[in-house]
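The values are calculated or read from the model by the stated rules, or taken from the named source; none is laboratory data. Remember, predicted model here, so these are calculated numbers, not experimental data. Every residue, glycine as well, gets a Cβ built from its backbone with ideal geometry; the counts of neighbours run over all protein chains shown.
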Amino acid sequence: MAKRMKNTHIWMIALIMVNGFAASACGAEPQLAPEYSARVLGSEQEATLASLRGQVVLLNAWATWCPPCREEMPDFEAIYTSYKEQGLAVVGVNIDEGEADDEVIRYVQGMKIGFSIWRDPNNRFGKRFRVLGVPATLLINREGMIVRRWQGPMDPGAADNLKTIKAALGSAPASIAANPQAQDGELAAVRRGRRLADQRGCLTCHSSDGTQGMGPSWKGLAGSTAQLTDGRSVLRDRAYLTRAIVDPDVEIVTGYSEGMMAGAMPGKRLSKIEVETLVRYLESLSQ
Ligand code: HEC
């Protein structure tokens with residue numbers, strides 16, 4: 001597509017919504033944010049969304065050739081300066097094609113942008129988060145759930161938007177049990193996970209209360225460190241838990257042997273969403 005065409009039209013298709021986008025924008029149940037990483041502007045370092053867990057994240061996809069994106073940059077900078085102390089992370093995901101780092105750096109410096117800028121020249125962002133065009137913005141809460149999406153321009157300082165952001169900042173990554181009302185969507189997700197673990201037979205080998213079964217108890221598992229039979233120790237983060245479910249034979253925790261779980265439970269038969277739901281449930285047992 002010619003560059004001029006992009007300049008004038010891409011952000012307009014931004015208003016087309018795909019795959020449940022509209023529904024989630026209207027306050028439907030929050031969804032778990034997918035795994036996503038991109039290169040930090042001007043470096044070789046890969047940044048992951050998961051590393052921002054515990055903070056509230058405003059994730060904004062933008063391009064230098066997109067006028068409405070440019071217009072909203074100062075607003076994002078303003079909201080970032082005002083709320084970073086309270087745990088707000090703003091990430092501008094720049095999707096300019098090719099090796100445009102220099103141009104983007106010049107641009108960002110000119111605008112005096114202090115929040116993080118990541119580079120995603122192939123716009124994997126669009127696929128991952130199911131959005132078309134830029135600007136597109138997501139608000140991710142401290143638990144890693146997408147609580148709101150904006151396709152097209154959004155003014156983070158507008159009363160309604162600010163209210164949503166402040167609400168997310170206000171809810172500390174506290175225990176679900178301690179704050180059941182504020183965590184309705186979260187609770188429903190956890191309940192689904194529990195039901196799924198039961199249906200899939202996971203609970204025949206794994207307990208949720210610390211009791212040893214054929215497999216390790218899930219209580220307090222997420223976030224702890226695993227000693228693997230190959231000598232490595234790894235943090236049981238979301239990526240690890242996902243691997244442990246999908247490819248149970250790849251990493252084996254000490255004290256167990258290969259094939260015990262894989263034999264009984266071919267994780268390949270679980271859908272991506274089911275795996276996410278199970279991981280979410282596991283994480284809830286560490287809160
Ligand atoms: C037949 C018993 C059995 C069933 C059923 C089973 N597991 Fe396991 N699971 C194990 C054993 C044994 C291990 C430890 C060996 C290993 O790491 O693979 C394990 C390990 C795990 C781990 C990593 C634990 C750690 O200490 O890091 C996770 C996560 C896990 N299972 C999730 C699940 C989920 C989700 C299901 C259901 C979809 C399930 N398991 C079903 C036996 C089972």
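General remarks:
- The stretch 209-220, subset among the polar types (S, T, N, Q) and loosely packed, with under 15 Cβ neighbours inside 10 Å, residue nearest to the ligand (Cβ to nearest atom): Gln212
- Across the stretch 237-283, the number of residues qualifying as within 22 Å of Arg195 (Cα to Cα) and either within 7 Å of the ligand (Cβ to nearest atom) or without any contact (Cβ under 8 Å) to a residue 24 or more places away in the chain (or both) comes to 22.
- The set of residues in the stretch 221-237 being assigned to a loop (DSSP other than H, G, I, E, B) and exposed (fewer than 14 other Cβ atoms within 10 Å of the Cβ) consists of Ser224, Thr229, Asp230, Gly231, Arg232.
- Some residue of the stretch 238-248 being under 22 Å from Val147 (Cα atoms) and not in a helix (DSSP H, G or I): no
Every residue, every condition in (1) at pLDDT 90 or above; (2) among the aliphatic types (A, V, I, L, M); (3) not assigned by TED's automatic domain parsing to the domain that holds Glu276, yes or no:
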residue: Gly110; (1), (2), (3): yes, no, yes
residue: Arg119; (1), (2), (3): yes, no, yes
residue: Gly133; (1), (2), (3): yes, no, yes
residue: Ile140; (1), (2), (3): yes, yes, yes
residue: Val147; (1), (2), (3): yes, yes, yes
residue: Pro153; (1), (2), (3): yes, no, yes
residue: Leu162; (1), (2), (3): yes, yes, yes
residue: Lys166; (1), (2), (3): yes, no, yes
residue: Glu186; (1), (2), (3): no, no, no
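- The single condition from (1) hydrophobic (A, V, I, L, M, F, W, C); (2) within 8 Å of the ligand (Cβ to nearest atom); (3) at pLDDT 90 or above that Leu196 fails is (3).
- Any hit, the stretch 53-65, residues being loosely packed, with under 14 Cβ neighbours inside 10 Å and on the phi < 0 side of the Ramachandran plot: no
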